[in-house]
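The values are calculated or read from the model by the stated rules, or taken from the named source; none is laboratory data. Just so it is clear, the structure is predicted and the values come from calculations on it, not from any experiment. Neighbour counts are summed over all protein chains in view; Cβ atoms, including those assigned to glycine, are modelled from backbone coordinates with ideal geometry.
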Amino acid sequence: MRFRVAAGLVFALLMFLIPLLALVGNVDMVQYSPREDASVPQASAPAGTGQAAPERDPSAPAASSGTTPAVTVADDGFRILDDRTGKVFEVSARDYVRGALAAEMPPTFHPEALKAQAVAAHTYALRLREQNRAAPDESLKGADFSADPQGWKSYTTEKLFRERYGDLADAYWKAICGAADEACPYLLTWEGEPIVAAYHSMSSGTTEDASNVWTGSEPYLVPVESFGDTLAPDYETTERFPVQEVAEKLQNAWPDISLGEDPAGWLKVTERSEGGYVTGITAGDRAIHGKELRSLLGLRSSDFTVACDGASFTFTVRGYGHGVGLSQYGADYLARQGATFDEILAHYYPGATLGVIAGEAAS
């Protein structure tokens, strides 16, 4: 790896934050995929069955771009179900990667971070396509997966992109297309199959193990350091809820829950993962997972602390998203320290192989 954590915090802050000033007022908070209430998606191999993951060398990098193996996959684009209209439309692989990148990462991020995100989005789409064509999901109406272009979830169109960015659209679309087109020939694999290339906005400073978020595990979705996230805008946020609101939400979720007279004793963190995310918390007389409380209250992540003053609960939350796989703000930070897209991918998906789609290497 060519990137190194900056020695001085002030220097690191300047290196990270100054290039992001262009985001203010222009870009919504980055969305994250896949949906967090899903199990680890399956491909042809039962990768997410909950069985023990194979042994791996956590320092093993993805293959460099100079030695990438060829991987054979169908190059017939994607069929996408529009979540809003209920209609299925088709796009080429290249147009999909452009639209996915436009929807999922701000165009002002470093080109190497954009390329890393593009590879992740393409890989994840390829895995879903293989999965749903082998065992079709009737709710998808023959599509490979769903998206909400108008809501900028998973994919959007050039027309919608230009409407959002106005006078900046030409420069920003050029950045998106440049990164997407360079990344389109690549995908990440594990044992020859596209990986579950999960990604999120920003971690708590360490990414999360997939087994703490979804059913099952993956050997390349394990905790890794992501220092740059701690420097990201809104890395740490505070959310407050009246005691009565929390009580109502808990009772609606678990009608038989028993809450004591003192609200200060209702919520107690009992366990955290290696990455710092809450994996165990008592809610009244129930033991629940931190992700359950996060979902119930709409918290930005499951790395939180909670305090009660008798009238309200205050949650201090770090990061944004499920924390699994590639951190988008972390990728941007690494790129600004000199990391290339393949190094970023090797960092966030340790042990996965970066391959070139057969027939794309010379195109």
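Points worth noting:
- Residue 269 buried (at least 24 other Cβ atoms within 10 Å of the Cβ) and either assigned by TED's automatic domain parsing to the domain that holds residue 202 or touching a helix residue (DSSP H, G or I) at 6+ places or on another chain (Cβ under 8 Å) (or both): no
- Within the range 222-312, strands (runs of 3 or more DSSP E) holding 2 or more residues that are modelled with pLDDT under 95 and under 30 Å from residue 199 (Cβ atoms): none
- Search result, residues across the range 190-208 that are touching a helix residue (DSSP H, G or I) at 6+ places or on another chain (Cβ under 8 Å) and not in a loop (DSSP other than H, G, I, E, B): 193, 194, 199, 200, 202
- In the range 162-183, the residue that is farthest from residue 100 (Cα to Cα) out of those that are among the acidic types (Asp, Glu) and either touching a strand residue (DSSP E or B) at 6+ places or on another chain (Cβ under 6 Å) or surrounded by 14 or more Cβ atoms within 10 Å (Cβ to Cβ) (or both) is 182.
- Restricting the range 225-263 to residues that are farther than 16 Å from residue 301 by Cβ and β-branched (Val, Ile, Thr), the residue that is nearest to the chain's Cα centre (by Cα): 246
- When we screen 217, 211 for residues that are small (Gly, Ala, Ser) and not in a helix (DSSP H, G or I), the only hit is 217.
- Criterion: closer than 26 Å to residue 327 by Cβ, assigned to a loop (DSSP other than H, G, I, E, B), modelled with pLDDT of 95 or more and among the small types (Gly, Ala, Ser) - qualifying residue of 151, 178, 99: 151
- Single residue of the range 102-124 satisfying the filter (touching an Asp or Glu at 6+ places or on another chain (Cβ under 7 Å) and assigned to a helix (DSSP H, G or I)) that is surrounded by the most Cβ atoms within 10 Å (Cβ to Cβ): 117
- You will find that of 303, 342, 332, the residue that is surrounded by 21 or more Cβ atoms within 10 Å (Cβ to Cβ) and touching a His at 6+ places or on another chain (Cβ under 8 Å) is 332 and no other.
- Only one of the numbered conditions (1) surrounded by fewer than 22 Cβ atoms within 10 Å (Cβ to Cβ); (2) outside the structural domain of residue 77 (by TED's automatic domain parsing) is violated by residue 337, and that is (2).
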